[in-house]
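Every number in this text was worked out from the coordinates using simple rules, so none of it is lab data. Predicted model only: the values in this text are computed from it and were never measured. All Cβ positions, even for glycine, are placed from backbone atoms using ideal geometry, and neighbour counts span all protein chains on display.
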Amino acid sequence: MSYCAPVAAVRLTSLTKTFDGVMAVDGVSLDIADHDFMILLGPSGCGKSTLLRMIAGLEDPTSGDVAIGDVRVNDVEPKERDVAMVFQSYALYPHKTVQANIEFPLKVRGVAKMERAEEARRAAATLGLTEFLDRKPGQLSGGQRQRVALARAIVRRPAVFCMDEPLSNLDAKLRGETRAELVALHARLASTFVYVTHDQVEAMTMGTHVAVMSRGRLEQVGTPQEVYARPASVFVAQFIGTPPMNVLPVGVVLDRNVLVGIRPEHLELDPSSTVRTTVTLVEHLGHETLVHARLGDTSVVVRLDAIEAAPSVGDDVGLTFPEQHLHLFDPETTRRVDG
Ligand code: ATP
């Protein structure tokens, strides 16, 4: 038997949630295609967890609709929604073996013993857990426990996986490995993934689409490449990319009423430029060098390849802003204005 889930597009329409007058999610409409890997990305408090919890049915919308497939599910209980939720805390049963933990959702459903054992073994194999099936959670590393929690979600064969920062307890190396595993898992399963994170690296490396949120609202939805290459607002421009995009006030770069954005890798040091500045900090990071300078009241960063000669603190340098790399934003709305 293969892991086949039903068609599971998720449609959110004007979804709003307030908590005692605090607006957590503010009129979000979002279409998540069947088998999409949608990342909800934004800073702490932007409402991404609340949005996810409304999809899973753990939070009731104040207004608006949630549909899974073609069915409006506002009034459908979480366990009837065909959604599995994976949190950063794995909530495994400490006295049960890994095998029993993974099987548990099937046991609750009354699946026969042999069948659920087989399903658990298959999910464990998918996540490289076969050799740990007889252990208790306390005998596993954090990353292994996180994978047990994922395996337990997989055996349910949900139409939609809702994941809330599931990797945030893992160290950097394990996080990298588990990111790759999740991408492979998504490719193998026929499920839709909705994944909450504040980590832009997770968003860029795992998502087929990214929904960037700020203050309860959607700022932009697009592929990772689109949100990087054509950010729809100053917020997105500065949230995605490390270091963030330089955004210069009206009049500094162009003689027009626009804010001008340029990524650090596109800003150039140019001895012949008439735009002069003084270097305030040089960071040698091994694979790249970051040169910080001040332009009027604004800090700017230039990213150089490690092999390029870098200036020193206090040096006077010229800057050029290649036209093809400029991003223009409305100073009032801070939304993108160029084509
Ligand atoms: P984080 O990354 O810190 O988890 P988030 O983007 O997931 O943040 P939410 O947890 O969705 O944000 O919270 C959005 C807003 O709603 C915040 O201002 C938060 O304080 C508020 N909020 C969330 N849950 C509740 C609740 N149960 N009662 C009251 N306010 C809440």
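In debye, nearest 20: dipole of segment 66-210 around its Cα centre with unit charges on the Cβ of K, R (+) and D, E (-)? Display every interim value, and only then the final one.
Numbers: 21 positive and 18 negative charges, 102 e Å.
Computed about the Cα centre, the dipole is about 480 debye.
What whole number of Å gives the distance from the Cα centroid of segment 64-88 to the Cα centroid of segment 137-214?
One Cα centre to the other: 19 Å.
Restricting attention to the alpha-carbon atoms of segment 260-329, what are Rg (one decimal) and Dmax (integer), both in Å?
11.5, 33
What is the magnitude of the charge dipole of segment 260-329 about its Cα centre, with +1 placed on the Cβ of each Lys and Arg, -1 on the Cβ of each Asp and Glu, and no other charges, expressed in debye to the nearest 20? Numbers along the way, then the final one.
Details: 4 positive and 11 negative charges, 38 e Å.
For segment 260-329, the charge dipole is close to 180 debye.
In segment 65-214, what percentage of the DSSP-assigned beta bridges are antiparallel, given to the nearest 5?
The answer is about 20 percent antiparallel.
Any of K17/K113; K136/K173; K48/K173; K113/K136 with alpha carbons more than 30 Å apart? Name them for me.
Working: K17/K113 42 Å; K136/K173 24 Å; K48/K173 25 Å; K113/K136 20 Å.
From K17/K113; K136/K173; K48/K173; K113/K136, over 30 Å: K17/K113.
So what is the relative contact order of the chain, in percent, for Cα pairs below 8 Å that sit 6 or more residues apart?
On the way: 704 pairs, mean separation 57.4, N = 339.
Worked out over the chain, it gives 17 percent.
Along the charge dipole of the chain, pointing to its positive end and built from +1/-1 on Cβ of Lys, Arg, Asp and Glu, which listed residue (A159, V227, V279) has its Cα farthest out?
Value: A159.
Give, in nm to one decimal, the length gained when the segment between T298 and D20 is fully stretched (0.36 nm per residue of separation minus the Cα-Cα distance). Working shown, then result.
Working: separation 278, 0.36 × 278 = 100.08 nm, distance 3.88 nm.
Value of the extension gain: 96.2 nm.
Using a simple charge model, +1 on the beta-carbon of Lys and Arg, -1 on the beta-carbon of Asp and Glu, nothing else, what dipole does the chain show about its Cα centre, in debye to the nearest 20? Walk me through the numbers before you get to the answer.
On the way: 35 positive and 43 negative charges, 326 e Å.
Dipole of the chain, to the nearest 20 debye: 1560 debye.
Which residue, G69, A187, G143, has the largest displacement toward the positive end of the dipole of segment 10-235 when charges sit on each Cβ (Lys, Arg +1; Asp, Glu -1)?
Value computed over the given set: G143.
Could you compute how fast the chain diffuses translationally, taking Rh as the Kirkwood radius over C-alpha pairs and applying Stokes-Einstein at 4 °C with viscosity 1.567 mPa s? Give it in µm² per second. Please report the intermediate quantities before stating the final value.
Numbers: Rh = 22.3 Å.
Answer from the Stokes-Einstein relation: 58 µm²/s.
From the phi of every residue in segment 235-247, what ³J(HN,Hα) in whole Hz does the Karplus formula 6.51 cos²θ - 1.76 cosθ + 1.60 yield, where θ is phi - 60° and glycine or proline is x?
Along segment 235-247, the couplings run 4, 5, 4, 8, 7, 10, x, 10, x, x, 4, 6, 10 Hz.
For the pair T280/S89, report the inter-label distance in nm, with labels modelled 7 Å from Cα in the Cβ direction.
4.1
Quickly work out the T208-to-R230 label distance, labels modelled 7 Å from Cα along the C-beta direction, and quote it in nm with one decimal.
Using points 7 Å along Cα→Cβ, the separation is 2.0 nm.
Rounded to the nearest 500, what is the 222 nm mean residue ellipticity of the chain from helices alone, with -39500 (n - 2.57) per DSSP H run of 4+ residues and division by all residues?
Values: 8 runs with 83 residues, N = 339.
After summing the helix terms and dividing by residue count, I get -7500 deg cm²/dmol.
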